[in-house]
Amino acid sequence: MAVDIDLIRAYEDGAVYTHAQGATITLPVTASESLDVDFFEVGAVGEEGLTEAIAQNVTDYFLWQKGALGRRLRNQSVKTVKFAAAETSLNNLGLHYAGSVITSTTEGAAVEEKPPGTDIRTWVLHGIDGDREVRVVIPLGEIGERGDVVWSGGGPTVYEWTLSYYIGPDGTWAKRYYIDDDMATP
């Protein structure tokens with residue numbers, strides 16, 4: 001069996017982008033094109049980086065004959081990405097306290113905190129491994145889970161979020177674009 005270590009990727013740098021609620025944005029269709037001016041970066045991401053996951057319910061249908069598996073039915077599925085935003089900014093406060101009123105003040109900021117409301121928007125994940133890159137465009141995504149925000153002298157205060165992907169009008173969760181000579185057509 002042949003092994004090609006040039007095909008191993010370690011995306012150890014990158015960014016997470018989204019935009020203000022209600023902004024009209026143009027989706028990128030390549031890994032290298034500039035993002036719409038209305039996108040903003042959430043900033044520093046915790047050392048664990050991004051963790052993508054797919055959860056899917058599977059129902060096994062067994063036959064009477066010998067109790068053998070006859071069919072596996074796949075249904076309900078969820079795609080998520082989990083990360084910890086490590087910067088406290090007006091934009092990140094708006095993402096964490098969705099539905100709340102966030103205002104800049106002469107001292108810093110004020111948050112009139114309300115229970116989180118629906119906050120579906122476009123997200124872009126960008127991973128970098130040397131001169132190789134991957135861009136994941138999520139047309140419809142929403143922070144569905146918010147982890148604990150810990151105030152401690154033992155580490156930075158981060159906003160741990162699990163972003164859920166929604167199915168778009170074209171039937172996709174996301175579009176992935178790669179800059180990678182090993183995959184490029186000659």
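Within the range 146-186, can you find the residues that are closer than 30 Å to Pro115 by Cα and free of Cβ contacts under 8 Å to residues at least 40 places away in the same chain?
Residues of the range 146-186 closer than 30 Å to Pro115 by Cα: 146-169, 172-174.
Of everything in the range 146-186, those that are closer than 30 Å to Pro115 by Cα and free of Cβ contacts under 8 Å to residues at least 40 places away in the same chain turn out to be Asp148, Val150, Trp151, Ser152, Gly153, Gly154, Gly155, Ile167, Gly168, Pro169, Thr172.
Determine which member of the set Ala53, Ala98, Ala84 is part of a strand (DSSP E or B), more than 17 Å from Val136 (Cβ to Cβ) and either among the hydrophobic types (A, V, I, L, M, F, W, C) or within 20 Å of the chain's Cα centre (by Cα) (or both).
It is Ala84.
Could you run through the range 27-66 and say how many residues are surrounded by 11 or more Cβ atoms within 10 Å (Cβ to Cβ) and among the hydrophobic types (A, V, I, L, M, F, W, C)?
10
Return the total of residues in the range 153-183 being loosely packed, with under 14 Cβ neighbours inside 10 Å and within 20 Å of Ser89 (Cβ to Cβ).
Residues in the range 153-183 being loosely packed, with under 14 Cβ neighbours inside 10 Å and within 20 Å of Ser89 (Cβ to Cβ): 3 in total.
Which one is farthest from Ile8 (Cα to Cα), of the residues in the range 127-186 that are touching a helix residue (DSSP H, G or I) at 6+ places or on another chain (Cβ under 9 Å) and not in a loop (DSSP other than H, G, I, E, B)?
Going through the qualifying residues, I end up with Arg146.
Please work out which residue is nearest to Thr26 (Cα to Cα), limiting yourself to the range 107-143 and to residues that are of a type in the set (Gly, Ala, Ser) and exposed (fewer than 14 other Cβ atoms within 10 Å of the Cβ).
Filtering the range 107-143 for residues of a type in the set (Gly, Ala, Ser) gives 108-110, 117, 127, 130, 141.
Still in the list and also exposed (fewer than 14 other Cβ atoms within 10 Å of the Cβ): 108-110, 117, 130.
Details: Gly108: 31, Ala109: 30, Ala110: 31, Gly117: 24, Gly130: 27 Å.
If we take residues in the range 107-143 being of a type in the set (Gly, Ala, Ser) and exposed (fewer than 14 other Cβ atoms within 10 Å of the Cβ), then Gly117 is nearest to Thr26 (Cα to Cα).
Could you tell me how many of the residues in the range 1-30 are part of a loop (DSSP other than H, G, I, E, B), among the aliphatic types (A, V, I, L, M), under 18 Å from the mean Cα position of the chain (by Cα) and closer than 27 Å to Tyr159 by Cβ?
Looking only at the range 1-30, we keep the residues that are part of a loop (DSSP other than H, G, I, E, B), and these are 1-4, 8-12, 20-30.
Keeping just the survivors that are among the aliphatic types (A, V, I, L, M) gives 1-3, 8, 10, 20, 23, 25, 27, 29.
Filter once more, keeping what is under 18 Å from the mean Cα position of the chain (by Cα): 10, 20, 25, 27, 29.
With closer than 27 Å to Tyr159 by Cβ added as a condition, the list becomes 10, 20, 25, 27.
Residues that pass the stated criteria total 4.
Taking interchain pairs and intrachain pairs at least six residues apart, which have beta carbon atoms under 8 angstrom, with the first residue in the range 61-82 and farther than 30 Å from Val16 by Cα and the second not basic (Lys, Arg) and not in a strand (DSSP E or B)?
Phe62/Ala68; Leu69/Leu63; Gly70/Leu63
Got at least one residue in the range 107-122 being in a strand (DSSP E or B), under 24 Å from the mean Cα position of the chain (by Cα) and farther than 17 Å from Tyr166 by Cβ? Walk me through it before giving the result.
Applying the first criterion (in a strand (DSSP E or B)) to the range 107-122 yields 109-112, 121-122.
Next, from what is left, pick out any that are under 24 Å from the mean Cα position of the chain (by Cα): 121-122.
If we keep only those that are farther than 17 Å from Tyr166 by Cβ as well, we get none.
For the range 107-122, residues in a strand (DSSP E or B), under 24 Å from the mean Cα position of the chain (by Cα) and farther than 17 Å from Tyr166 by Cβ: absent.
Since every read-out is calculated from the coordinates, none of them should be taken as a lab result. Keep in mind that this is a model prediction, so the values were computed, not measured. Methodologically, a virtual Cβ is constructed for each residue, glycine included, from the backbone with ideal geometry; neighbour enumeration extends over all protein chains shown.
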